[in-house]
Amino acid sequence: MSLTNSYATLSEFLAQPEITSAAPVDDVFIEDILQRASRAVDTYCGTWFYADTQTRTYDLPRGRELELDAPLLAVTTLTNGDGVAITSTEYNLLPKNGPHYWFIKLKASSTTIWQLGTSGDTESVVTVAGSWGYVNRTATTPASVKAILNTTDACLAIALAAYKKRYGIGVEGVATVTGAGVVITPRGIPTEAKQLLTPYVGML
C-alpha cells in the first residue's frame with residue numbers, strides 16, 4: 001500500500017531492534033498500522049503534524065488581528081470580506097518564531113482594513129487558503145525537527161505495540177486487529193508515546 005502522511009516509514013519500523021524476523025508478507029500489515037498509528041497521534045494531540053492544503057473561513061476580526069483556529073504554515077491567498085485578496089506585504093504572520101502561526105495581523109502601516117462581506121455580513125467572510133498543520137515535515141528549524149522526531153518515535157512505538165499484539169506478545173495498551181485493519185484507541189497508546197506527545201496535546 002502507499003503511505004499517506006505517515007510519520008514513519010516501513011524501513012524505519014523494520015530497523016527497530018525489536019524487529020528481528022519480520023517476513024515480507026507482513027509489509028502491508030505494518031504499513032497499515034503505521035498509517036493508523038499516525039492518525040492516532042493526530043487524534044491524541046488534537047492536531048496534525050504534516051502540511052495539508054486547506055481553505056478556512058473566519059468571521060470579521062474586531063481589530064487588526066485575525067485569530068486562527070488551526071496552525072498555519074503558509075498563506076497562499078488571504079481574501080478580505082469584500083472578495084479582494086490582501087497581499088502579503090500588508091500583514092504579518094504571528095508568532096514570528098516557531099514551526100507555525102496562529103494569527104494574521106494587518107500591519108500598522110498598511111491602509112488595508114478588514115472589510116464586511118458583500119451583503120454587509122461579518123460572519124464567515126474572511127478566507128485563508130494555504131498550508132496548514134503543526135509542522136511541515138520537510139522543515140529544518142530546531143522546533144520543527146523536534147516535533148518531527150517526536151511524532152516519528154511516537155508513531156513507531158504505537159505501531160510496534162500493535163504489531164506485537166498481532167502475535168500475542170504482551171504489551172502495554174490495547175490495539176484491536178479486525179477485518180478492516182487495526183483499531184488503535186487512546187488506551188492503546190503506550191506510555192512512551194504519550195510522553196513524547198505531551199508537549200503537543202490540546203493544540204486545537
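Rule-based calculations on the coordinates, nothing more; no lab input. The shown structure was predicted, so the numbers you read here are calculated from the model rather than taken from an experiment. Please note: Cβ atoms are built from the backbone with ideal geometry, for glycine as well, and neighbour counts cover all protein chains shown.
Treat every Asp and Glu Cβ in the stretch 52-132 as -1 and every Lys and Arg Cβ as +1, leave all other atoms uncharged, and give the resulting dipole magnitude about the Cα centre to the nearest 20 debye. Before the final figure, lay out each step's value.
Details: 6 positive and 9 negative charges, 70 e Å.
Magnitude of the dipole: close to 340 debye.
Computing FRET efficiency as 1/(1 + (r/R0)^6) for residue 111 and residue 5, where r is the C-beta to C-beta distance and R0 is 45 Å, gives about 0.65. One way to sum up the overall shape of the chain is the equivalent ellipsoid from its Cα gyration tensor, whose semi-axes run 41, 16, 14 Å, largest first.
Subtracting the Cα-Cα distance from 0.36 nm times the residue separation, let me have the gained length for residue 84 to residue 52 in nm, one decimal.
On the way: separation 32, 0.36 × 32 = 11.52 nm, distance 2.39 nm.
Between residue 84 and residue 52, full extension yields an extra 9.1 nm.
Placing +1 on the Cβ of every Lys and Arg and -1 on the Cβ of every Asp and Glu, with no other charges, gives the chain a dipole of roughly 320 debye about its Cα centre.
Across the stretch 52-132, Cα-Cα pairs farther apart than 15 Å form 52% of the total. For the chain, the longest principal axis of the alpha carbon atoms and the long axis of helix 27-45 meet at an angle near 50°. If you bin the C-alpha pair distances of the stretch 97-161 every 10 Å from 0, what whole percents do you get? Reading upward from the zero bin: 16, 29, 25, 18, 11, 2.
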